[in-house]
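Single-structure report; data block below.
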Amino acid sequence: LSVDEYERIYGAVLLDEKDIRHKILVIKVSKFYKKGMDEKTLYDTVRGVWRVSKEKVKKVEYVFGVYNSLIVAVYKPSAWFVCKEAKDRLPKQNNLTPKTVNRLFFVDERYEQGFPPDENQSFYIDKSIAGFKLNKLAQNPITYLNPKKL
């Protein structure tokens with residue numbers, strides 16, 4: 001990590017479990033994230049294609065793109081698609097293979113139309129989830145977070 005990245009990651013405000021007010025899908029993008037990555041490439045990286053449950057993603061309100069525990073992107077999915085059923089909407093860097101045809105990806109229509117982030121997106125962005133009990137050694141880049149019941 002560069003000094004700037006180190007300060008950004010380890011100097012970030014830590015989210016607490018009580019700060020999670022929405023149903024969240026966390027996608028670890030550390031393998032794909034690059035410093036200075038343009039917004040469109042980051043969006044395409046986070047939105048898919050993923051091996052996720054069709055039923056679970058229907059309930060997701062926000063998707064976090066996470067790099068080394070830092071939330072680098074927050075999107076609000078407006079629709080989820082099965083790759084083989086929406087080839088024209090696939091993220092550009094993804095080519096369909098027999099392994100990926102049944103995987104899912106999302107679109108955030110508000111982001112694609114150029115709308116600014118909503119209040120919740122602005123709240124979550126650039127915060128850290130380092131304090132969460134996530135399996136950091138798991139190979140699966142997908143984790144679901146739900147608000148704690150009071």
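Quick notes
- The slack in the chain from Lys31 to Asn102, taken as 0.36 nm per residue of separation less the alpha-carbon distance, amounts to 23.3 nm.
- Cross-linked pairs Lys40/Lys84; Lys31/Lys84; Lys31/Lys54; Lys23/Lys54; Lys76/Lys133; Lys18/Lys133: Cα-Cα separations exceed 19 Å for Lys40/Lys84; Lys31/Lys84; Lys31/Lys54; Lys76/Lys133.
- Estimated translational D of the stretch 9-55 in µm²/s (Stokes, Kirkwood radius over Cα pairs; 10 °C; 1.306 mPa s): 120
- Accessible surface for the chain, divided over its residues, is 62 Å² per residue with a 1.4 Å probe.
- Using the Cα coordinates of the chain, the gyration tensor eigenvalues translate into equivalent-ellipsoid semi-axes of 24, 18, 16 Å, sorted from longest to shortest.
- Partner lysines whose Cα lies under 17 Å from the Cα of Lys87, excluding those fewer than 8 positions away in the same chain, are identified as Lys99.
- Beta bridges from DSSP with both residues in the chain: antiparallel share about 75 percent, rounded to the nearest 5.
- Estimated dipole of the stretch 33-111 in Debye, rounded to 20 [Cβ of Lys and Arg +1, of Asp and Glu -1, Cα centre]: 280
- Candidate cross-link partners of Lys148 among the aspartates and glutamates, defined by an alpha-carbon separation under 14 Å and a same-chain spacing of 8 or more, comprise Asp16, Glu17, Asp19.
- Our helix-only sum for the chain, with -39,500 (n - 2.57) per DSSP H run of n ≥ 4 divided by its residues, gives a mean residue ellipticity at 222 nm of -5500 deg cm²/dmol.
- The residue list Val66, Trp80, Asn120 was ranked by how far each Cα lies along the charge dipole of the chain toward its positive end, using unit charges on Cβ atoms, and Trp80 comes out on top.
- When only the Cβ of Lys, Arg, Asp and Glu is charged (+1, +1, -1, -1), the dipole of the chain relative to its Cα centre reaches about 820 debye.
- Accessible surface of the chain, 1.4 Å probe, proportion on carbon and sulfur as whole %: 52
The values are calculated or read from the model by the stated rules, or taken from the named source; none is laboratory data. This is a predicted model, so every value here is computed, not measured. No Cβ is skipped: glycine too gets one built from the backbone with ideal geometry, and neighbour counts run over all protein chains shown. Just so you know, the surface numbers come from the protein's heavy atoms only, side chains and all, with ligands and any DNA or RNA stripped out. Shrake-Rupley method; radii C 1.70, N 1.55, O 1.52, S 1.80 Å.
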